[in-house]
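Since the structure comes first, as structure tokens, the remarks are kept for the end.
What follows is calculated from the coordinates using simple rules that are stated; it is not laboratory data. This is a predicted model, so every value here is computed, not measured. Cβ placement follows ideal geometry from the backbone for every residue including glycine, while neighbour counts extend to all protein chains displayed.
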Amino acid sequence: MQISVREIINGMEGKQALLQILLAVQDASPENYVSEDAVNDIAYMLNVSRSRVYSTASFYSVISLKPRGRHIVQVCINAPCENAGKQEILAVLEDQLGVKLGETTADRQFTLEGVSCLGACYVSPAIKIDDRLYGDLTPELVVSILREYQEEATALDCNAS
Amino acid sequence: MNVVRFELNGQQVEVQGGLSILEAARQHGVKIPTLCHHPDQRVKANCRVCVVEVEGQRNLVASCATTVSEGMKIRTNSSRIRETVQTILELIFANHPQECLTCVRNGNCELRRLAADYGIREVKGESSCLNLPLDTSTPSLVRNPNKCIKCGRCAEVCHHVQGTGILYSNYRSVDVMVEPEYGKSLAEVACVLCGQCASVCPVGAIHERDDISKVWKALDDPEKHVVVQVAPSVRVSIAEEFGFPPGTIATGKLVAALRKLGFDRVFDTDFSADVTIMEEGHELLQRLQTGGVLPMITSCSPGWVKYIEHNYPEQLAHLSSAKSPQQMFGALAKTYYAKKAGINPADIYVVSIMPCTAKKFESQRPEMSDSGFQDVDAVLTTRELGRILKQAGVDFSVLEEASFDNPMGISTGAAAIFGATGGVMEAALRTVYEVVTGQELVNVEFSAVRGMEGIKEAEVDLAGSKVKVAVAHGLNNAREIMDLIKEGKANYAFVEVMCCPGGCIGGGGQPYGTTNSVRQERIASIYKVDANLPLRKSHKNPAVAELYDDFLGKPLGELSHHLLHTKYKNRGLHKLKG
Ligand code: SF4
Ligand code: SF4
Ligand code: SF4
Ligand code: FES
Ligand code: FES
């Protein structure tokens, strides 16, 4: 059973900024996004209009309004990473996951996103998977990092069935 | 008041303190161009066409967002400013469809005027216009996202005046869209169709649905007996469409103009406003005497009715069941008038001239057909009336004044003031007082319920018992009263709510340039119309008395109930989903 927006907001201490609430709701979503129902419920709980909530959610790039995979793979598409061989890294990611930038894998495990600067230029090329940063990447390294996540996903699936 | 001295284009001038550079310059005859600025709104400062030079500041400053201070040296006209503004305009035009010839705002578009003033002769750079579908989902408004210049004026009025919160700025930087969430259509959200957004939009990005061709078709049809009704507030605003100053009273010319258009009868919504007072006044008395739901709230403003249906559906029993004057007129035109004039109601076509875009929606509510036909066939806003008269070549300025036709053209001052906030309340009190006390009301003016204050309260002595009443205009104010009612904290007997600020004189279908100061002018004129009429109480209207004697029987009688009262719909959209 998924935790409801009402429970999330009631569980937060003090009066929270809208962005904080959106982040909490997104984190609690198995699909890593803020759904239309969630936009509705946040508006209801805060007694503001839905368009107000949507406006804020659509303004911040950290908030997704579309369903995403369980893991968010972020590739830096800024110049320093570009120079350090981002193209190659991106090609491996797209090849391994079978999706293009901005897409989600069919099994809903991974979403591949381009971001501008991960704040890790010193170890470029860099990617981030969920909250973990991986730097100084080579194509081989990317494959093995991805494999860990993929195996974990399979293990979870086996346990579930 | 403290005075600030500053230098404007090399001249020493002074203004009162606290003004923006924009306002200060205007007071000294220098007009700085604007787009996002609106005199009744908070500063948004997103368009930058109002930039000026301030000595000592490296960058140009937005004059709408900068307060003038002592000793400031300001230039409003230099080659640097001209070039900057030109560049900004060219950037806007590069993303704006060049459709001025066929645009609803051709003639009164603020962007087009700036282009003319700045002598823009070519659109430089790559042109990239959106090509999104128009939102024609409602009978009231059309939204054309391709013409939106993202100034945010509509969102400001929708959020901070109406509190409806439908239009908002979504996404960021070059992707910004001002629209409902998820790009939904207005029919899919709780928009009340008040048209306040259209009224403040500087361009043709949101406007009334144009029903002029429908009206021409009826007028051209020899089988149709086409009658027109004019709302109270239109007589003090229509002249602005022809360049007269705000507040010009043009009742006689308006009637003459409508006759020139070819209407078979020119009637007055003021007549049915008097009928509304008879029905609503007696409903109030009945509720007071039989312990009915109080406070009773007025129901003549369709934007307000739609608002309460969406946002307070559990409070619908507070709404008076009386239809609005527009709908009472339609129902009576196709029954009472048809019978009296010996015309088949199927051949009668009813056109309304209204200050309001929500009236278009109201006329199409499925239940508004108690005459056996759709009671009101077409609704034109004041702006559309201006356009249809221009199409017909009617020269408003030289028209001889004329009078409304009988019987649905006879009315009182009580009906005229329906057009201003507090007017329905005052009109009702004039009648209720005399019905309850059996005494003549000598001073008919209830000044406590007049004026632009957001919420007004008064206490009235009705034969020994004191009754509290309240008046709200603009839905943000209505919300405050509704919250009190919801919490059981409102001890009013009667509440008047008008959706639009200032009441109908400030409606979303009124001539462009409806600012709060223009509203004040129109309000003053409407009270002048009232003061100059021989009859000022609805129940003293002889044509209304005749209507009850010959046709309806008595207020709240069976026929009244059938034709003049209605039910409301729970449109409550906002519930928890999770
Ligand atoms: S909105 Fe103004 S500038 Fe745009 S097409 Fe219409 S008239 Fe022209
Ligand atoms: S019509 Fe009124 S409620 Fe609807 S979007 Fe415009 S301002 Fe908002
Ligand atoms: S619709 Fe009109 S008022 Fe609203 S942002 Fe666009 S241009 Fe401005
Ligand atoms: S540019 Fe890639 S991490 Fe900073
Ligand atoms: S009018 Fe000043 S920034 Fe738009």
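With θ set to phi - 60°, apply the Karplus curve 6.51 cos²θ - 1.76 cosθ + 1.60 along segment B:187-199 and write out the HN-Hα couplings as whole Hz, x wherever there is a Gly or Pro.
Result, rounded to whole Hz: 6, 8, 10, 8, 5, 9, 6, 5, x, 5, 5, 5, 5.
Round to the nearest 0.05 the FRET efficiency obtained for B:K217 and B:H28 when R0 = 45 Å and r is the Cβ-Cβ distance. Intermediate results must be reported in sequence, preceding the final value.
Values: r = 51 Å, r/R0 = 1.14.
Computed FRET efficiency for B:K217 and B:H28 comes out at 0.30.
Taking the Cβ of A:D41 as the centre, find all other residues whose Cβ is under 11 Å away and add up their charges (Lys, Arg: +1; Asp, Glu: -1). Before the final figure, lay out the partial values.
Values: positive: A:R6, A:R50, B:K575, B:K577; negative: A:E7, A:E36, A:D37.
Summing Lys and Arg as +1 and Asp and Glu as -1 gives +1.
Take every DSSP beta bridge whose two residues both sit in the protein assembly as shown, then give the antiparallel share in percent to the nearest 5.
Of those bridges, close to 55 percent are antiparallel.
Hey, can you grab everything whose amide H is under 5 Å from the amide H of B:T357? Only 5+ residues off in sequence or another chain; H modelled, so Pro and N-termini drop out.
Those lying under 5 Å, H to H, from B:T357 are B:G508, B:G509.
What average number of partner chain Cβ atoms lie no more than 10 Å from the Cβ of the residues making up A:2-8? Write out the running numbers ahead of the final one.
On the way: counts 1, 1, 3, 3, 2, 1, 1.
Mean inter-chain Cβ contacts per residue within 10 Å come to 2.
When each pair of different Cα atoms in segment B:1-56 is counted once in the 1/r mean, what is the Kirkwood radius in angstroms, to one decimal?
On the way: mean 1/r = 0.0809 Å⁻¹.
Roughly 12.4 Å, rounded to one decimal.
Other chains near B:182-190: what is the mean number of their Cβ atoms within 10 Å of each residue's Cβ?
Numbers: counts 7, 1, 4, 0, 0, 0, 0, 3, 3.
Taking all residues of B:182-190 together, the mean is 2.
With N residues in segment A:71-160, what two-decimal value do you get for its Cα radius of gyration over 2.2 N^0.38 Å? Mind showing how you got there, number by number?
On the way: Rg = 12.8 Å, N = 90, 2.2 N^0.38 = 12.2 Å.
Cα Rg divided by the expected 2.2 N^0.38 Å: 1.05.
Would you kindly derive the ³J(HN,Hα) couplings of segment B:550-567 from the backbone phi angles with the Karplus curve 6.51 cos²θ - 1.76 cosθ + 1.60 (θ = phi - 60°), listing them in order in whole Hz, with x for Gly and Pro?
8, 9, 7, x, 10, x, 6, x, 4, 5, 4, 4, 5, 8, 10, 10, 8, 10
Could you check the spin-label model distance between A:E148 and B:Q12? Points 7 Å from the Cα along Cα→Cβ, value in nm.
Distance between the two pseudo-spin positions: 7.6 nm.
When chain A is treated as a GNM, springs tying every alpha-carbon pair under 10 Å, which of A:E13, A:E148, A:E94 comes out with the largest mean-square fluctuation?
A:E13
How large is ³J(HN,Hα), in whole Hz, for each residue of segment B:309-320 in order, when computed from phi with the Karplus curve 6.51 cos²θ - 1.76 cosθ + 1.60 and θ = phi - 60°, using x for Gly and Pro?
So the Karplus estimates, Gly and Pro as x, are 4, 7, 9, 9, x, 6, 9, 4, 5, 6, 5, 4 Hz.
Quick one: compute the contact order of chain B, relative version, from alpha carbon pairs under 8 angstrom and 6+ residues apart, as a percent. Provide the component values of the computation, followed by the final result.
Details: 1141 pairs, mean separation 90.3, N = 578.
Here the relative contact order equals 16 percent.
Report the Rg/Rh value for segment B:422-554, based on alpha-carbon coordinates and the Kirkwood definition of Rh.
1.00
Trypsin sites (Lys or Arg not before Pro), restricted to segment B:23-83: which are DSSP loop and have at most 14 other Cβ atoms within 10 Å?
Working: sites: B:R26, B:K31, B:R42, B:K44, B:R48, B:R58, B:K73, B:R75, B:R80, B:R82; in loops: B:K31, B:R42, B:K44, B:R48, B:R58.
Qualifying residues, ordered by number: B:K31, B:R42, B:R58.
Take peptides B:402-413, B:328-339, B:12-23 and line them up by average Cβ neighbours within 10 Å, highest first, as a rough protection proxy.
Values: B:402-413: 20.7, B:328-339: 24.8, B:12-23: 17.1.
Per-residue Cβ counts within 10 Å, averaged per peptide and sorted highest first, yield B:328-339, B:402-413, B:12-23.
When N is the residue count of chain B, what does its C-alpha Rg come to as a fraction of 2.2 N^0.38 Å? Intermediate results must be reported in sequence, preceding the final value.
Numbers: Rg = 24.9 Å, N = 578, 2.2 N^0.38 = 24.7 Å.
Normalised Cα radius of gyration, chain B: 1.01.
Starting from the Cα of B:K486, move 7 Å in the Cα-to-Cβ direction to define the label point; list residues of segment A:33-54 whose amide nitrogen is under 13 Å from there.
Backbone N within reach: A:44-49.
Please return the longest range in chain A lying between exposed loop sites, taking trypsin sites (Lys or Arg not before Pro), DSSP loop only, at most 10 other beta-carbon atoms within 10 Å, and leaving the sites out. Write out the running numbers ahead of the final one.
Working: sites that count: A:K15, A:K100.
It runs A:16-99.
Take the residue pairs B:K260/B:K323; B:K466/B:K537; B:K360/B:K486; B:K360/B:K489; A:K100/B:K147; A:K66/B:K577 and return only those whose Cα atoms are more than 24 Å apart.
Working: B:K260/B:K323 30 Å; B:K466/B:K537 21 Å; B:K360/B:K486 30 Å; B:K360/B:K489 35 Å; A:K100/B:K147 33 Å; A:K66/B:K577 18 Å.
Beyond 24 Å: B:K260/B:K323; B:K360/B:K486; B:K360/B:K489; A:K100/B:K147.
Quick check: Cα centre of segment A:100-161 to Cα centre of segment B:203-229, how many Å?
Segment A:100-161 and segment B:203-229 have Cα centres separated by 61 Å.
Name the residues whose placed amide hydrogens come within less than 5 Å of the amide hydrogen of B:H225, ignoring near sequence neighbours (fewer than 5 apart) on the same chain.
Correct list: B:I348, B:Y349.
Determine which aspartates and glutamates satisfy two conditions relative to B:K569: a Cα distance under 17 Å, and not lying fewer than 8 residues away in the same chain.
B:E188, B:E309, B:E314, B:E362, B:E367, B:D370
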